[in-house]
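Step one of this worksheet: look at the structure below.
The values are calculated or read from the model by the stated rules, or taken from the named source; none is laboratory data. Everything numeric in this text was worked out from a predicted model, so none of it was measured. Cβ placement follows ideal geometry from the backbone for every residue including glycine, while neighbour counts extend to all protein chains displayed.
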Amino acid sequence: MARGAVFLDRDGVLNYEIGYIRNLNDLNLIPGVAQAVRTLNDRGILTCLITNQSGTARGYYPLDHIHALNQRLLDLLYQEAGAKLDAVYYCPYLNPDAGGIDPNFTGWSTWRKPNTGMLIAAAWEHDLDLSHSYVVGDKATDIDLAHNAGCRSILVQTGYGEAILQGTYQHQARPDYVASDLARAVDWILSTIK
């Protein structure tokens with residue numbers, strides 16, 4: 001029987017939102033997130049990273065830099081709380097009208113949120129039931145992704161979350177739940193699992 005999962009955005013959910021991270025040491029965890037991920041691990045809930053990373057398409061840094069940033073995130077989670085992400089999915093692509101200039105990464109992609117490609121890949125690879133899964137993000141595109149894939153959506157107020165609620169960034173979203181941070185989001189997820 002297929003199981004559910006928790007899909008986590010990166011910037012603004014797990015680490016501080018500071019824009020395009022050009023220096024690896026500038027990726028730092030938001031307090032409490034490592035323990036929140038560890039709580040999911042301890043409950044046996046598959047936990048995946050899903051993140052749009054257009055810095056390469058914009059010509060800011062090479063693809064290897066995205067890999068290095070994601071590895072730093074994994075290392076910090078483990079160092080702080082013995083936490084792990086079961087899978088990492090990211091989309092380096094961006095349309096030219098949105099700012100993509102690197103010809104290798106400029107174009108439309110089914111993996112770019114709010115499109116569902118990353119979640120479909122995860123569901124296929126890990127035998128997941130997306131209708132019993134959760135998307136946690138700080139942007140309207142994360143909430144839209146959840147709705148598009150049939151998942152439950154949680155907007156955290158870290159990162160851009162507060163601006164989404166105020167309607168001053170992207171567009172207003174209608175999440176299933178609003179949490180102050182990832183720890184509160186995990187509390188709500190666990191309260192809804194039977």
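Observations on the structure shown:
- Set side by side, the residues HIS147, HIS171 differ, and just one is modelled with pLDDT of 95 or more and either buried (at least 20 other Cβ atoms within 10 Å of the Cβ) or farther than 16 Å from CYS48 by Cα (or both), which is HIS147.
- Segment 3-33 - residue that is among the β-branched types (Val, Ile, Thr) and in a loop (DSSP other than H, G, I, E, B) and, of those, surrounded by the most Cβ atoms within 10 Å (Cβ to Cβ): VAL13
- Taken together, the criteria exclude LEU40 from residues that are part of a loop (DSSP other than H, G, I, E, B) and within 25 Å of ALA149 (Cα to Cα).
- Among the candidates ASP129, ASP181, residue that is charged (D, E, K, R), buried (at least 18 other Cβ atoms within 10 Å of the Cβ) and more than 12 Å from VAL6 (Cβ to Cβ): ASP181
- The condition of being part of a strand (DSSP E or B) and either more than 13 Å from the chain's Cα centre (by Cα) or surrounded by fewer than 21 Cβ atoms within 10 Å (Cβ to Cβ) (or both) holds for only one of VAL135, VAL88, VAL186, that being VAL88.
- Yes/no for PRO96 being in contact with an Asp or Glu (Cβ under 7 Å, 6 or more places away or on another chain) and over 21 Å from ALA34 (Cβ atoms): no
- Considering segment 43-82, and only residues there that are assigned to a loop (DSSP other than H, G, I, E, B) and among the aliphatic types (A, V, I, L, M), the residue that is surrounded by the fewest Cβ atoms within 10 Å (Cβ to Cβ) turns out to be ILE45.
- A count restricted to segment 150-175 and to residues that are within 21 Å of ALA123 (Cα to Cα) and in contact with a Ser or Thr (Cβ under 6 Å, 6 or more places away or on another chain) stands at 2.
One line per residue, one yes/no per condition, for (1) at pLDDT below 95; (2) within 28 Å of GLY167 (Cα to Cα); (3) out of contact with any Gly (no Cβ under 8 Å at 6 or more places or on another chain); (4) hydrophobic (A, V, I, L, M, F, W, C):
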site: GLY44; (1), (2), (3), (4): no, no, yes, no
site: LEU49; (1), (2), (3), (4): no, yes, yes, yes
site: LEU69; (1), (2), (3), (4): no, no, yes, yes
site: ALA87; (1), (2), (3), (4): no, no, yes, yes
site: ASN104; (1), (2), (3), (4): no, no, yes, no
site: ASN115; (1), (2), (3), (4): no, yes, yes, no
